[in-house]
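The values are calculated or read from the model by the stated rules, or taken from the named source; none is laboratory data. As the structure is a computational prediction, the values presented were derived from the model and not from experiment. Virtual Cβ from ideal backbone geometry, glycine too; neighbours counted across all protein chains shown. Please note that ligands, DNA and RNA were not included when accessible areas were found on the heavy atoms of the full protein model with its side chains. Shrake-Rupley method; radii C 1.70, N 1.55, O 1.52, S 1.80 Å.
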Amino acid sequence: MPEINAEDWARIEIWRELPTRQRRVFSVLGPTLSGKTAFLRAVQDRWPSATLIDCRGMSADTVATRMREECRAAPAGRPCVLLLADVQYAGEVLTSTEPARVAEILAPGFRRFEGREVWVMAEYDPDLVAPPRIAEYEVTLPTPASAGGAAVEEPATARRLGALAAAELRQVPLSVWQLLSSAGGAPTPAQTLLSFAEQRPDVLVMDEDRSSVAFRSEALLHSWRRRQPWDSVAQSRAVEALMAGAADGSPGLWSQQGPLGRYAAQALPLHAALAGALPRLLDDGRMLAQCSATALREALAIAHPDGVPYASVAAMLHYLEVQGISPLSQGEWVAWLHHAALSAGRVELAEQLLASGVPLPWRTTWTHWRPLGVFGRIQGEAGRVDELGVAVGESGPTVITARDVTTGNNAYPKHRYIRQEWFPATGEPASAPVEVRASLSEGDLPWSNARHSPGPETPTAPFAEHTDSGWQLGAVAGTLPDPPNCPSAVTQGLYVDGRWVLTGSGGLFAVSVQAAGSSAQDTYGKRPMVAAHTRPAPWPLPPSASAALRGDGTRDWLEETFGAGACHRLAGDQLPQGLDDPAARRFLTETGLPEISDFLHLAITPRGDRPLPEVAWPGRGRDVPRQRRARSEAPSNGPFDELGTWMYSRLLLDGSTGRLFRDTTGGSPDPVAGSSLTQFFAMVRLYDEFRRTHFPYAADHEDARHNLARWCEQIDGAAARAEAWTLILEGHDFEDSTWDLASYRAEGR
């Protein structure tokens, strides 16, 4: 065990004495073989209450779980001290973002646990992972004198070791090594590889039955990865060989069909990502179904460092992780893949997933559940479901859903609910949506989620409530198949006609469950334990918005959200006398001024023969005090025409330029509202689409808000950066009905 010199220990002691707010991760840095792990063990010897966790081969989630367990087990009354060794070797696969997730997210973020302080010291090899470089909180170990250059190997030997290093698992079956050797341009019989491994005990080690091989150390493995890097061509050959070898026509799971199948289930997505061929794998449901969730998430991070493409299968996988879905079996994972594909309208992908031969513990039979990570409303979507009930009619039982659309919540509420009926066998609507004034529990519905015990004349439809501790089924528990493990957006369910109809903030869907008592865990977490592996790439501006900004279909696009006939065209003789801007004249006569109220504090009601009266710019009158005039310089000579009011100010159109301004005399120094009528109402229209969308999760709500702000910056940067739009795009809590229709307006609503 190496000794810690006085200077390094003094630095550790200073770190120990820091105030809580100043203490960050203490880093132990150094190249390969510099003794970083031994240094941490020496710290543990001097500091017996500290716990060492070796991160080698562990996912960031597994490291986080270990950290939590050790904190719970640590003696009470003192900080939890955790020493993270081999951070650079984290990850179940070798081309991994897990070291960065541990180094950049987990270690610096794990500062308290259940009310106790947590002190973290971590080991990093800067050649493999970027450490937090804070000079006061680190020691750097020197390169050992014995660390000379690697011995020169014969070309054949180098190619064999390079092929083994290109594997994505640490322990590699001989059949996989043989396949990779061929892909790397050095085809070698398995028996030859076995003999080669036995002759190189200084580099390689065999398992007990001599069926697989590994590098003797992680340092050697990564050294050979650097010496013999594979290009995309070699990776492509490996992908083709793995696909052909694993998909040999045998039914069932690859992971149960021998060493090559097991390797492909864990490593094929990484090889595909490195070959630039991941989209091909993701778009083939038969292949996708065989790959583990962990491998797919790692591959996404490698293939899409700048974000997953909008509305792609990669984005679908990203949002499954964002929901906190952590499957305990491959079948459970494929069941959620199938559900997500059906919900996104990817029918062919869904059919391929079912045809993969992977046995599912449950399957979605029909769905009106909103796909995640898409902007705006979807034609025919069910919307959020707040209440759930069942009734029996001439055609049998129907499921009844209700959504609270009460407005005026902060003043004089106008109670309203959107109610609809559905056939449980098919998911087809049994009625059109209707607006009623009473909730299900207040109305004459015979049985709903407000009454958990149906009366003697009511249908038998057991109700389940989804809580933080899992599904609560009441007296029927054990007599029915449990609903599947679900994310938090699924809130309740009814068992009717041999299936569970599940509802929540994303709509409703039905599942058939294969066996009673099939639930294997309490519930999924509300979010990933550490963080999602990927992030979404910037979303494209909706095509309808792009067209409207070009002047194509602008009126129809605006009336989609503001209502048919909401855009009031002006005749030529109704235009203000001083309106010279041709674009403004064209908008008012061809598109029309939208009528808007009770939204964003915006009130526009164009009526009468002269709907846009000309007004003086505030502060120009003789009776206005001099100091007030100075604060409200007119942006031009005008004239100015009043469109309505916005955010407690008049909304004015500058006739000479076509720009829009807010009358903020004595108030905001930046009153710009829009550079043109088209740009202003495009931003308003996009925001209205945003606020009407029933986002199942705060995460996709935030992604939509972020992209909306980016679009507004693209449409009209000057307006988007002005005070009023900045407030709006940052989520200002309006006192009117702006947010009464939305599902999530803030994190964790």
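Looking at (1) open to solvent by 20 Å² or more (accessible area, probe 1.4 Å); (2) modelled with pLDDT of 95 or more, which is the one condition that is false for G731?
With (1) open to solvent by 20 Å² or more (accessible area, probe 1.4 Å); (2) modelled with pLDDT of 95 or more applied to G731, the lone miss is (2).
Given the options W9, W15, name the one that is aromatic (F, W, Y) and open to solvent by less than 20 Å² (accessible area, probe 1.4 Å).
One residue alone meets the criteria, W15.
From A247, A264, A234, A272, which residue is under 30 Å from H339 (Cα atoms) and in contact (Cβ under 8 Å) with a residue 40 or more places away in the chain?
Criteria check complete, one pass: A247.
If you scan region 328-345, which residues turn out to be crowded, with 21+ Cβ neighbours inside 10 Å and not in a helix (DSSP H, G or I)?
Passing the criteria: only A344.
Give region 282-314 a look and list any residue that's open to solvent by less than 10 Å² (accessible area, probe 1.4 Å), among the aliphatic types (A, V, I, L, M) and more than 16 Å from H338 (Cβ to Cβ), or say none.
A295, A299, L300, V308, A314
State which residue pairs qualify: first residue closer than 14 Å to L83 by Cβ and assigned to a helix (DSSP H, G or I) and inside region 19-39, second residue open to solvent by 40 Å² or more (accessible area, probe 1.4 Å) and not acidic (D, E) in any location, beta carbons under 9 Å apart, and separation of 6 or more residues or different chains.
Note: pairs meeting the criteria are A38/M1; A38/P2; F39/P2.
Out of (1) part of a helix (DSSP H, G or I); (2) out of contact with any Gly (no Cβ under 8 Å at 6 or more places or on another chain); (3) closer than 18 Å to W177 by Cβ; (4) open to solvent by less than 60 Å² (accessible area, probe 1.4 Å), the odd one out for A234 is which?
Only one criterion is unmet by A234, namely (2).
So in region 430-468, with the set limited to residues that are acidic (D, E) and modelled with pLDDT of 85 or more, which one is least open to solvent (accessible area, probe 1.4 Å)?
Selected residue: E465.
State yes or no: is A103 open to solvent by less than 10 Å² (accessible area, probe 1.4 Å) and either in a loop (DSSP other than H, G, I, E, B) or not β-branched (V, I, T) (or both)?
Criteria met by A103.
Do the conditions hold for A699, that is, is it touching a residue at least 24 places away in the same chain (Cβ under 8 Å) and closer than 20 Å to I378 by Cα?
For A699, the condition - touching a residue at least 24 places away in the same chain (Cβ under 8 Å) and closer than 20 Å to I378 by Cα - is met.
I'm trying to understand the selection: among the residues of region 533-582, which are open to solvent by less than 30 Å² (accessible area, probe 1.4 Å), of a type in the set (G, A, S) and either within 29 Å of the chain's Cα centre (by Cα) or modelled with pLDDT of 95 or more (or both)?
Of everything in region 533-582, those that are open to solvent by less than 30 Å² (accessible area, probe 1.4 Å), of a type in the set (G, A, S) and either within 29 Å of the chain's Cα centre (by Cα) or modelled with pLDDT of 95 or more (or both) turn out to be A537, A545, A547, A548.
Cβ-Cβ below 7 Å, separation at least six or inter-chain, first residue in region 395-423 and farther than 13 Å from E435 by Cα, second modelled with pLDDT under 90 and of a type in the set (V, I, T): which pairs?
P413/T406
Limited to region 51-83, what total is found for residues that are free of Cβ contacts under 8 Å to residues at least 40 places away in the same chain and either crowded, with 22+ Cβ neighbours inside 10 Å or outside any loop (DSSP other than H, G, I, E, B) (or both)?
11
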